[in-house]
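Asks: Structure incoming, see below.
Rule-based calculations on the coordinates, nothing more; no lab input. Computed from a predicted structure; not experimentally measured.
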Amino acid sequence: MDPNQVAGMAVIFGAYSLMLYLLYRSNKIIAEMKRRRLVEKRRYAKKKIAHVLEVHRATRHRRQ
């Protein structure tokens, strides 16, 4: 193999390695974003439920 072929193979393998690394990183970032979104949904649901229960408790004496 001449030096040009070696350099070409190095560029190809380097580009492929970079692509795999970027794919790994982007999947990791997407998974983290999904996890955060789920946590926010749960937090919102808990707040909403707590608010509804509090209103229910506060108005219970008026209905009786």
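Asks: What number, rounded to the nearest 500 deg cm²/dmol, is the helix-based mean residue ellipticity at 222 nm of the chain, given -39500 (n - 2.57) per DSSP H run of at least four residues and division by all its residues?
Replies: Estimated from H runs of four or more residues: -36000 deg cm²/dmol.
Asks: How far, in degrees from 0 to 90, does helix 3-63 lean away from the longest principal axis of the Cα atoms of the chain, to the nearest 10?
Replies: 0 degrees
Asks: Please compute, for the alpha-carbon atoms of the chain, the extent along each of the three principal axes and give them in descending order in Å.
Replies: That gives 93, 7, 7 Å along the principal axes, largest extent first.
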